[in-house]
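Student: Take a look at this one; I'll ask things after.
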Amino acid sequence: MIIIKKYLISIIYTVFIIFFTIFIILDTFVIKQSYQIVKNETTENTSSGTITKDDNSYKDDNIEINLKEYRQNDTTIYVADIVLKDQNYLKTAFAESTYGKNITENTSDIAKEVNAILAINGDYYGVQKSGYVLKNGTIYRNTSAGNEDLVIYKNGTFEIINENDVTAEELLEKGAYNILSFGPALITNNKIVVSENDEVAKAMNSNPRTAIGKISDNHYVFVVSDGRTTSSEGLTLYQLASFMQTLNCQTAYNLDGGGSSTMYFNGNIVNNPTTNGKVNERSVSDIVYIGY
Amino acid sequence: MILYTSDTNNLEITYIITTFFILLFSLVYENFSHGVMSINMLTAFIYPIIGYILISRKKTNVLTINLVNMSVITLTLYNIMKGVLDIYGTTNNLINIYLYIGIILVICTVISLIIKKGGGRK
């Protein structure tokens, strides 16, 4: 009892700081904050011909997608080869059609809501306090995190920029339509720009990965690798970059990976997303997709 | 008020157990982090060690021990929370509050130690 009395200040302080810690955990991972409701943009389906689709392909007058599976570095890699008549079919969408914090949905659920033909997880902007958020021609966040971003312009051009070098407003003025703020860049001008020691959040281990690449005008690839399972080890960034190079990408960019890595195609999840050691889809803030 | 052996012995044991617990927690957390390494997480156990050294000194007064306790828990939690957020790949500016309070408490602890030392010379 005497000891408790002597250390009463420490005990009260400890209780206070534990409550503060619980609040931070809830604020970071649980409490939803909606900043803006967004009307996910849809483009008129001008396809007049017949639609041909199966588990591995989709084709109409405007969009052609072929899905292939590769096996490299003890890892299964899924590649969606995309040819578009118009680059405007390459889009992004928010979870719950809302820009905010801790607002997440499964990639497949967001994809279904926007009638996506093909979708991958995006940059998971929601876990960051800063970093550009520019989606479908609208700036939602213009604070720099110093990230290396992929800028997708209205004309379909891909450009890698650093947030410290140019503002979101300047990029919008130049014609930016979507910005993906995760990184790093894997390939620019057909050359690998990551080294074997490059890291994302200090991780250079083999992990599930998601990447987007541009091969030529209106010709893109979405790439997702399995990982963290007994059948697939996962890829390092350098292995991913090397693989993207074999696909002849002019520009390739790493998106949020790990448990987030998900590819959705024709109504099904293509890969084996892993969450907490189990094959299970993890909810994310946003997706990149192909659709009308 | 000066604390003598029986009180400080209990506290020393608490600090030793805390140090090992934090070290074990950090290693287990890192083991399941899929290769994401956080220096903050791995070095969190250093604060309880420093606390142990300070409270092990003879004739440490109650105020100083309380300040050491509060400094250690604040900075240890800062490192652990920073590690958790780093490993998850997210940020939260609120964790800087641990750091600011921790620094203030460390300054107060140092002042308390200096005053006591100065008083001892008189």
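The values are calculated or read from the model by the stated rules, or taken from the named source; none is laboratory data. Here the structure is a predicted model, which means the values were calculated and not measured. Neighbour counts are summed over all protein chains in view; Cβ atoms, including those assigned to glycine, are modelled from backbone coordinates with ideal geometry.
Student: Counting only residues that are β-branched (Val, Ile, Thr), give me the strands (runs of 3 or more DSSP E) lying completely in the stretch A:52-110 with at least 2 of them.
Tutor: Passing ranges, in order: A:63-72, A:75-84.
Student: Go over the candidates A:149, A:165 one by one and state the one that is among the acidic types (Asp, Glu), modelled with pLDDT of 95 or more and closer than 26 Å to residue A:282 by Cα.
Tutor: Just one listed residue meets the conditions, A:149.
Student: Could you tell me which residue of the stretch A:111-130 is modelled with the highest pLDDT, considering only residues that are part of a loop (DSSP other than H, G, I, E, B) and more than 16 Å from residue A:288 (Cβ to Cβ)?
Tutor: Only one residue fits best here, namely A:130.
Student: Now for a different question. State which residue is surrounded by the most Cβ atoms within 10 Å (Cβ to Cβ) when the search covers only the stretch A:262-283 and only residues that are modelled with pLDDT of 95 or more and within 13 Å of the chain's Cα centre (by Cα).
Tutor: Top of the filtered list is A:264.
Student: Please enumerate the residues belonging to the stretch B:89-100 that are under 17 Å from residue B:39 (Cβ atoms), facing another protein chain (nearest Cβ under 7 Å) and in a helix (DSSP H, G or I).
Tutor: Of everything in the stretch B:89-100, just one residue is under 17 Å from residue B:39 (Cβ atoms), facing another protein chain (nearest Cβ under 7 Å) and in a helix (DSSP H, G or I), namely B:95.
Student: Conditions: (1) within 12 Å of chain B (Cβ to nearest Cβ); (2) under 30 Å from residue A:61 (Cβ atoms). Residue A:214 meets all but one. Number of the miss?
Tutor: Against the list (1) within 12 Å of chain B (Cβ to nearest Cβ); (2) under 30 Å from residue A:61 (Cβ atoms), residue A:214 comes up short only on (1).
Student: Taking the stretch B:23-49 on its own, how many of its residues are outside any loop (DSSP other than H, G, I, E, B), crowded, with 19+ Cβ neighbours inside 10 Å and away from every other protein chain (no Cβ under 14 Å)?
Tutor: Summing the residues that are outside any loop (DSSP other than H, G, I, E, B), crowded, with 19+ Cβ neighbours inside 10 Å and away from every other protein chain (no Cβ under 14 Å) in the stretch B:23-49 gives 1.
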